[in-house]
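The values are calculated or read from the model by the stated rules, or taken from the named source; none is laboratory data. Please read all numbers here as calculations on a predicted model, not as lab measurements. With ideal geometry, Cβ positions are generated from the backbone for all residues, glycine too; neighbour counts draw on all protein chains shown. Areas reflect the complete protein model, heavy atoms only, side chains present, ligands, DNA and RNA absent. Shrake-Rupley method; radii C 1.70, N 1.55, O 1.52, S 1.80 Å.
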Amino acid sequence: MSGHPIFARVFDRLSRLMERDAAPHRIELLAGLTGRVLEVGAGNGINFGHYPATVEEVIALDPEPYMRRKAEAAARAASVRVVVRDGVAAPLPFADASFDAVVASLMLCSVPDQAAALGEFRRVLKPRGELRFMEHVRAGGPPKSSVQDWLDRTTIWPRLGGGCHCARDTVGAIQAAGFRIEHVHSYALGPSYMITNPHVRGCAVPASTCPS
């Protein structure tokens, strides 16, 4: 969302309007996390209030100044320690294997290079760390997927949506980046006909991680 100050303000208001429907998914997204967590593309910090007490620290990155100010306010009200920093998904300014979990919440639609971002997430995760993701993705088939493809291809949707893409196969991209999907749940957030549905929520681990 970097470089889209007007959309940032629209998204901030929209996210709060949709929180009644989105909050249960955010709670499930973050349930059971422990230790040190990196949230990339933290936006206005709307996830912060849902982190469990087992989390020691959240490092939250966002490149958009307006959203960071909102996130800093949310961090002060959070029940866990949250540090908000200026930053993008790739490259990440952290050492290898330095986080117990990475959280990606409605941000992989807008990163310029999904593969680079996911590669960085894998790099900074500990060997048994988790990638928790909640994203909107390409529909399973036409006619909706054809419309999504057209909106992305013509750049109409990315221009309207602050760099957002509505036709990305994000689950496939996660697997291609060297992760194994542990579980994934598909659902609609808001009316199912919206171009930013379906959504997915899930957990992935580095593919080299052996089952315990």
Exercise. Looking at segment 63-75, is at least one residue over 16 Å from the mean Cα position of the chain (by Cα) and acidic (Asp, Glu)?
Worked result: yes
Within segment 40-57, the count of residues that are part of a strand (DSSP E or B) and touching a residue at least 60 places away in the same chain (Cβ under 8 Å) comes to 1
The lone condition Ala60 fails out of (1) touching a Phe, Trp or Tyr at 6+ places or on another chain (Cβ under 8 Å); (2) without any contact (Cβ under 8 Å) to a residue 40 or more places away in the chain; (3) in a helix (DSSP H, G or I) is (3)
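Every residue, every condition in (1) without any contact (Cβ under 8 Å) to a residue 60 or more places away in the chain; (2) open to solvent by 60 Å² or more (accessible area, probe 1.4 Å), yes or no:
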{"residue": "Asp152", "(1), (2)": "yes, no"}
{"residue": "Cys166", "(1), (2)": "yes, no"}
{"residue": "Asp169", "(1), (2)": "yes, yes"}
{"residue": "Gln175", "(1), (2)": "yes, yes"}
{"residue": "Ile195", "(1), (2)": "yes, no"}
{"residue": "Val205", "(1), (2)": "no, no"}
Reported set for segment 64-99 where residues are charged (D, E, K, R) and open to solvent by 50 Å² or more (accessible area, probe 1.4 Å) is Arg69, Lys70, Glu72, Arg76, Arg81, Arg85, Asp86, Asp96
Of the residues in segment 107-122 that are in a loop (DSSP other than H, G, I, E, B) and open to solvent by less than 40 Å² (accessible area, probe 1.4 Å), the one that is nearest to Glu19 (Cα to Cα) is Met107
Condition (residue is open to solvent by less than 30 Å² (accessible area, probe 1.4 Å), within 21 Å of Val37 (Cβ to Cβ) and either small (Gly, Ala, Ser) or over 14 Å from the mean Cα position of the chain (by Cα) (or both)) applied to segment 125-145: is it met by at least one residue?
yes
From the option list Ala101, Ala75, Ala89, single residue qualifying as in a loop (DSSP other than H, G, I, E, B), touching a strand residue (DSSP E or B) at 6+ places or on another chain (Cβ under 9 Å) and either more than 21 Å from Cys166 (Cα to Cα) or touching a residue at least 12 places away in the same chain (Cβ under 8 Å) (or both) is Ala89
Here, helices (runs of 4 or more DSSP H) confined to segment 143-196 with at least 3 residues that are small (Gly, Ala, Ser) are 170-176
Within segment 177-193, the count of residues that are at pLDDT below 95, open to solvent by less than 70 Å² (accessible area, probe 1.4 Å), of a type outside the set (A, V, I, L, M, F, W, C) and at negative phi comes to 1
Counting only residues that are open to solvent by less than 10 Å² (accessible area, probe 1.4 Å) and closer than 19 Å to Arg81 by Cβ, segment 18-28 contains a total of 0
